[in-house]
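Enquirer: Shown below is the structure under consideration.
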Amino acid sequence: MAEILVLVDHVDGEVKKVALELLTLANRHGEAAAVWVGPGYENAKDRLAEYGAGKVYVAADEELTSYVVAPKAALLAQLVAEKSPAAVLVSATAEGKEIAGRLAVKTGSGVLTDVVDVADGLVGEHSIFGGGIIAHAKVKTGTPIIAVRPNSIAPEAAPATPAEEQVSVSLSDNDKAAKIVEKVVQEKGERPDLTEAAIVVSGGRGVGGAENFSIIEGLADSLGAAVGASRAATDAGWYPHSFQVGQTGKTVSPQLYIAVGISGAIQHRAGMQTSKTIVAINKDPEAPIFELVDYGIVGDLFQVAPQLTEEINKRK
């Protein structure tokens with residue numbers, strides 16, 4: 001089977017969930033060959049093997065992570081030329097999409113972005129207009145470069161014993177044009193990362209103000225969950241935009257999603273509708289969110305959410 005290159009997203013050796021999704025997707029259409037850039041591989045090799053990396057190209061030179069984006073595109077372009085893979089998969093994050101664009105130019109290939117699945121023949125599936133329409137596209141020139149939206153694919157363990165190959169690339173002056181001069185580590189709270197969490201509790205317009213988001217946070221903390229917010233809530237300044245769930249925010253696919261005071265506009269649904277179990281709390285029985293949920297509670301969130309939090313805490 002032909003190799004499919006997967007650029008591994010990681011932070012200091014901690015593999016991001018989206019990388020496991022890409023390995024799963026790659027193995028459906030070929031042999032997953034992970035591309036590791038920078039230090040930390042020794043801490044991650046077991047994780048990559050667990051999720052089916054049949055091969056790992058390790059570019060451990062720290063210089064490759066000392067510049068913005070370009071070195072990763074240069075490395076991938078070199079691997080495309082040498083290994084002739086069937087496709088290259090990257091995450092559809094801001095960095096991943098820039099890498100995809102640069103790689104497409106370097107290799108003279110077509111690129112697909114914001115893909116939510118890949119069908120036979122490497123046909124990309126796109127969910128557009130908030131999931132109202134599914135479109136399909138296929139690269140006709142060069143090596144398909146596909147940027148896949150995080151949380152679109154369920155990661156599947158497929159234990160493998162990967163062959164490892166050390167690789168390197170010579171960087172041009174252009175590749176070194178934007179140097180990283182400082183890195184600031186954002187302080188992590190006790191709550192899990194929104195896009196990686198197994199449980200997410202989100203608040204919307206019905207929360208009524210920033211001061212009331214403590215209700216959402218309290219429910220989330222009782223469940224060990226991440227906190228999310230609708231676009232209406234973030235646009236109003238009630239919660240930071242980095243926690244927005246939706247078509248123009250983050251896509252999540254947790255085991256449990258609780259929507260509190262969220263009407264369920266199509267923009268929000270596009271970012272959470274693949275959640276395994278969906279619960280909604282809303283006082284409007286006609287709210288569109290109830291069309292999507294597994295369990296719905298029609299009631300005042302200011303009464304229901306605190307009671308729910310209290311009962312969960314009692315059972316710990």
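Enquirer: I'd like the full set of residues that are surrounded by 18 or more Cβ atoms within 10 Å (Cβ to Cβ) and under 20 Å from residue 84 (Cβ atoms), limited to region 139-152.
Expert: Within region 139-152, 139, 143, 144, 145, 146 meet the criteria.
Enquirer: May I ask you to say which residue of 204, 208, 228 is farther than 28 Å from residue 133 by Cβ and outside the structural domain of residue 133 (by TED's automatic domain parsing)?
Expert: 208
Enquirer: Moving on. Go through region 1-21 and give me each residue that's surrounded by 18 or more Cβ atoms within 10 Å (Cβ to Cβ) and either on the phi > 0 side of the Ramachandran plot or without any contact (Cβ under 8 Å) to a residue 60 or more places away in the chain (or both).
Expert: 8, 10, 15
Yes or no, residue by residue, for (1) of a type in the set (S, T, N, Q); (2) within 22 Å of the chain's Cα centre (by Cα); (3) surrounded by fewer than 23 Cβ atoms within 10 Å (Cβ to Cβ):
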residue	(1), (2), (3)
23	no, yes, no
46	no, yes, yes
49	no, yes, yes
60	no, no, yes
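Enquirer: Filter region 247-272 down to the residues that are among the small types (Gly, Ala, Ser) and either surrounded by fewer than 16 Cβ atoms within 10 Å (Cβ to Cβ) or in a loop (DSSP other than H, G, I, E, B) (or both) and list them by number.
Expert: 249, 253, 261, 263, 264, 265, 270, 271
Enquirer: Could you check residue 156 against (1) out of contact with any Phe, Trp or Tyr (no Cβ under 8 Å at 6 or more places or on another chain); (2) charged (D, E, K, R); (3) over 30 Å from residue 281 (Cβ atoms) and say which number it fails?
Expert: Of (1) out of contact with any Phe, Trp or Tyr (no Cβ under 8 Å at 6 or more places or on another chain); (2) charged (D, E, K, R); (3) over 30 Å from residue 281 (Cβ atoms), only one is false for residue 156: (1).
Enquirer: Any idea which residue in region 273-316 is surrounded by the most Cβ atoms within 10 Å (Cβ to Cβ), counting only those that are assigned to a strand (DSSP E or B) and hydroxyl-bearing (Ser, Thr, Tyr)?
Expert: In this case the residue turns out to be 277.
Enquirer: A further question follows. Of 143, 107, 195, 161, which residue is hydroxyl-bearing (Ser, Thr, Tyr) and in contact with a Lys or Arg (Cβ under 8 Å, 6 or more places away or on another chain)?
Expert: 195
Enquirer: Out of 228, 208, 204, 218, report the one residue that is at pLDDT 95 or above, at positive phi and not hydroxyl-bearing (Ser, Thr, Tyr).
Expert: Testing whether each residue is at pLDDT 95 or above, at positive phi and not hydroxyl-bearing (Ser, Thr, Tyr) leaves just 208.
Enquirer: In addition: Among residues belonging to region 76-111 that are closer than 18 Å to residue 16 by Cβ and assigned to a helix (DSSP H, G or I), point out the one that is modelled with the lowest pLDDT.
Expert: Per the criteria, the residue is 94.
Enquirer: Can we say residue 168 is out of contact with any Leu (no Cβ under 9 Å at 6 or more places or on another chain) and not charged (D, E, K, R)?
Expert: The answer is no for residue 168.
Enquirer: Exactly one of these conditions fails for residue 91: (1) crowded, with 18+ Cβ neighbours inside 10 Å; (2) polar (S, T, N, Q); (3) more than 25 Å from residue 183 (Cα to Cα). Give me its number.
Expert: All conditions pass for residue 91, except number (3).
The values are calculated or read from the model by the stated rules, or taken from the named source; none is laboratory data. Everything quoted here is computed from the prediction, not taken from an experiment. Here Cβ is always computed from backbone atoms with ideal geometry, including for glycine, and neighbour counts include all displayed protein chains.
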